[in-house]
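The values are calculated or read from the model by the stated rules, or taken from the named source; none is laboratory data. For clarity, every value in this text was computed on a predicted model and none was experimentally measured. Positions of Cβ are backbone-derived with ideal geometry, glycine not excepted, and every protein chain shown enters the neighbour counts. SASA here: full protein model, heavy atoms, side chains in, ligands and nucleic acids out. Shrake-Rupley method; radii C 1.70, N 1.55, O 1.52, S 1.80 Å.
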Amino acid sequence: MRLRKSLRREFILTLIGVVTLILVVFSGIVIGINYTKKEAELQQQLRRTLNLAETLLPDVVWRGNQQSINNILRAILANDAVIYARILVGEGGEYFAISQTKQMYQKKTFAEFQNSPDFLISSADILRDGILLGKLHVVISRSEIYGEIFSSVFIVISLAVLLVVAILFTSMLILRHAVFRPLAKLERSANLIAAGNLDTTIDIDSSDEIGSLASAFALMARHLEESFENLEHKVIERTVDLSQAKINAEETSRHLVVAGAELQALLDNSPVGILFVDHQGMIKRVNSELEKITGYRSRELIGKTVEILYGKKSNEGNEVSASAKNFPSLTKNGLCEKRVSLIKKDGSEVICWLRGRAIPVSNDLEGVIWSVEDITSRIYMEEELLKAKKQESIGVLAGGIAHDFNNILFAVIGNLSLAERIVGENGAAREYILAAQNASMKAKELTAKLLTFASGGNPVKATASLPVLVQDAVEFVLSGSNVKCIFQTPDDLWTVSMDKEQISQVIQNLVRNADQSMPEGGTIMISFANRELEDDEVVGLASGRYVCVRLEDKGRGIEGKILDRVFDPYFSTQEKGSNKGSGLGLAIVHSIVSKHDGKITVDSIPGKGTTFTLYLPARSVDSGEVVVRSAIVPSGKGVVLVLDGDRATQQVVGEMFLPMGYRAEMVSSGEEAVQNYRSSFEAGNRFCAVIADVHISAEFDGGEFLATLKGIDPLVSVIASTDDPDDPLFENYRECGFQALILKPYKLLELNRVMSSLHKKTMQ
């Protein structure tokens with residue numbers, strides 16, 4: 001019904017609008033024509049009236065016949081359009097008026113007519129023989145014209161309205177039968193079809209456009225019915241397919257959930273960190289190992305860019321972001337491997353090995369999967385191993401130099417001992433010899449340091465109180481210094497099995513360095529603590545109990561670029577000179593601590609101070625103290641077999657035996673010594689002693705050499721000679737079968753004491 005009413009209303013309104021427009025235009029035209037016609041008629045009447053007055057009035061006015069003037073005025077007023085007339089009579093501007101007015105305008109004056117637009121005024125001069133006798137004024141009412149016009153318009157409009165009504169009525173009858181009623185039927189049928197009644201018939205029997213539209217609707221309904229049947233069949237088939245697809249989707253969803261859980265479990269079980277990143281560098285997924293490596297929780301990483309793991313330095317200036325630098329290699333090769341330093345949540349740095357593989361989609365880089373392996377400990381261990389190998393290599397070199405230097409020094413010290421005996425109490429010469437001996441002993445100490453560094457200074461351990469030893473060493477070094485030391489020692493500190501002399505040397509070197517770093521004075525803080533370490537808690541140390549010693553000063557500190565070199569041999573920040581270090585101090589410290597199965601580390605901030613931390617294994621069983629042996633001055637006689645590879649040493653030793661009543665026979669190899677001893681023993685000339693450098697024989701070690709000689713002569717007396725102050729023979733030479741041990745280079749008095757002790761035992 002909405003369609004029918006809408007069309008009807010629009011049609012009626014349109015028809016009324018069109019007819020009204022035509023009526024208005026037609027009325028305007030009629031009014032204009034009538035107005036023009038009436039105006040023309042009025043002007044014509046006025047001209048005739050004025051012409052009549054011009055003909056009749058001059059004689060009447062000349063004669064001054066007022067009655068005749070009034071008659072003429074009444075004759076003028078006989079015209080329906082004229083409502084007022086007057087004649088002005090006079091000369092020289094002096095006039096008197098004679099006027100006539102229609103009844104309904106009696107109260108109006110000429111001035112009022114003159115000032116109103118509703119009236120038309122015309123005037124004419126009254127002339128006789130060229131003489132102006134007066135003026136004639138005539139007033140015509142326009143309302144008469146309007147009245148006639150309005151009457152005409154009313155008649156025209158009335159006829160037009162009747163015409164419009166007739167047209168509307170006739171049009172509505174025709175439209176209702178020919179248009180609106182068929183459209184209403186068509187609308188009802190369309191609504192039924194829309195409601196699903198596709199078999200609805202459209203009962204419109206017409207051959208016009210409405211009939212064609214109805215036929216089209218009927219055809220559309222048939223097609224819709226056929227399409228609906230096909231669609232219904234397809235919907236049934238599709239429903240079956242969708243049901244199966246839903247089942248498959250649910251099954252797939254379950255598999256995806258399981259696969260996702262398995263994938264996350266696999267990622268979390270990975271020994272390396274896993275990181276999924278999209279092509280914009282945005283983190284999409286991480287595993288638990290990456291959380292351990294970086295210190296971030298997964299929710300703190302997901303949704304952020306990888307720049308969070310590189311810190312602020314990755315975006316300083318106009319540099320390309322760290323993640324974007326990898327894209328060219330990933331796009332080209334599909335794989336990228338590199339070593340990087342990442343910044344953990346707490347701000348610390350961790351060294352990682354990254355291995356990234358691109359995830360390509362449609363020939364484009366969709367994302368990257370990164371494996372992140374924390375190699376900080378491995379890098380540190382490799383650096384420690386490299387340092388150890390470097391120290392070992394330098395140690396071998398230092399040991400070789402020390403042995404060669406020891407042989408030279410032996411000749412110097414031996415000859416000085418002989419010279420001292422020769423000069424006796426000669427004052428000047430003896431002083432020079434003693435000065436040379438003192439210098440030689442300092443050189444001997446340097447050789448001992450080199451040998452300690454070369455061999456690591458095998459410690460002779462005993463259980464002792466570490467704080468007492470440290471305090472004694474500190475007091476010795478800081479005697480007279482403006483640097484003070486504060487100790488922090490717990491009551492239950494564990495004891496340490498250590499070589500007291502070596503650990504004292506370690507503490508003295510460290511305290512001396514701290515003292516030199518604070519020339520203006522200051523304070524050294526030394527603290528002790530018990531530590532029970534897990535494996536790799538401190539790189540290079542096995543798990544177990546340790547005593548930790550921290551030496552902290554407030555000195556100059558050590559620059560980062562040289563901090564890693566402080567334990568290198570011959571490296572020193574001090575100038576070389578008689579009062580400066582040679583660069584062996586901290587290298588020997590490192591060697592001694594390592595031989596004690598411990599660890600030393602260093603941390604420093606330039607301008608704020610340095611902290612050395614020592615870890616020494618704690619022990620509970622006392623291993624006993626080293627027995628200090630004393631010597632006496634002996635005398636004796638006989639032949640001594642001396643095994644030494646250095647010719648100068650052989651010569652000096654031979655000279656040193658002469659004042660003692662002995663004669664020396666020199667050999668340079670173990671095989672030669674065995675042959676000489678066998679020959680002399682078989683000939684009945686036994687050597688009274690054998691002095692053998694246990695490290696010189698290439699054919700035998702010390703034990704094999706001694707066993708070979710005892711195989712020849714079970715009563716053989718062998719004195720071991722070594723230039724290594726930390727040689728294990730110092731503690732167990734008797735268990736090895738040697739009667740004595742002497743440290744090279746030795747002086748004449750030391751050799752006398754050893755030979756005297758041996759002679760005394762032989763005599764017993």
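Structure summary
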| read-out | value |
| --- | --- |
| Magnitude of the charge dipole, segment 258-303, Cβ model with Lys/Arg +1 and Asp/Glu -1, debye to 20 | 120 debye |
| Over 27 Å between alpha carbons, listed pairs K338/K387; K500/K744; K387/K747; K38/K108 | K387/K747 |
| Heavy-atom accessible surface of segment 163-309: percent carbon and sulfur, 1.4 Å | 60 percent |
| Size of electric dipole in segment 644-685: Cβ of Lys, Arg +1 and of Asp, Glu -1, about Cα centre, debye, nearest 20 | 120 debye |
| Cβ-placed point charges (K, R +1; D, E -1), dipole of segment 7-57 about Cα centre in debye, nearest 20 | 160 debye |
| Sequence ranges 501-507, 246-252, ranked by mean other-Cβ count within 10 angstrom, highest first | 501-507, 246-252 |
| Packing-based ranking, highest mean first, of 254-263, 370-379, 534-543 given that Cβ atoms within 10 Å are counted | 370-379, 534-543, 254-263 |
| Residues of segment 507-563: accessible area per residue with a 1.4 Å probe, Å² | 50 Å² |
| Approximate spin-label separation E671-L242, in nm, with each point projected 7 Å along Cα-to-Cβ | 10.2 nm |
| Cβ crowding within 10 Å averaged over residues, with 335-347, 162-174 ranked highest first | 335-347, 162-174 |
| Rounded if a/c under 1.5, otherwise prolate or oblate - segment 239-293, Cα gyration tensor axes | oblate |
